[in-house]
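See structure below.
The values are calculated or read from the model by the stated rules, or taken from the named source; none is laboratory data. This is a predicted model, so every value here is computed, not measured. Side chains are part of the model used for accessible areas, which takes the heavy atoms of the whole protein and leaves out ligands, DNA and RNA. Shrake-Rupley method; radii C 1.70, N 1.55, O 1.52, S 1.80 Å.
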Amino acid sequence: MTDVPHFSAHADASQIIDWLRDTPAPHTTYLIHGEETAAETLRDRIDRELGWTAVVPKSGEAVLSADRGASLREIGRR
């Protein structure tokens, strides 16, 4: 998992797609911020335009992460 501390949450979907386009494709992209409907729309654009796997997790959902050794991390929406 990667934390992006200086990323502005005020970018619109097109700006986010453009920003992501310049980064290496991750195994999975988790969208955990914003309104659920908007996050689902962005997830669909990420899939369609970048060909990446993107997920909008449910509250309290967890994922097994392979970075820094396998550990269970909560990724639920904020």
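Less than 5 angstrom separates the built amide H of A54 from those of T29, all sequence-distant by 5 or more or on a different chain. Close amide H contacts of E61 (hydrogens built in the peptide plane, cut-off under 5 Å, sequence separation of 5 or more or a different chain): I75, G76, R77. Ordered from largest to smallest accessible area (heavy atoms of protein chains, 1.4 Å probe), the residues I16, I46 come out as I16, I46.
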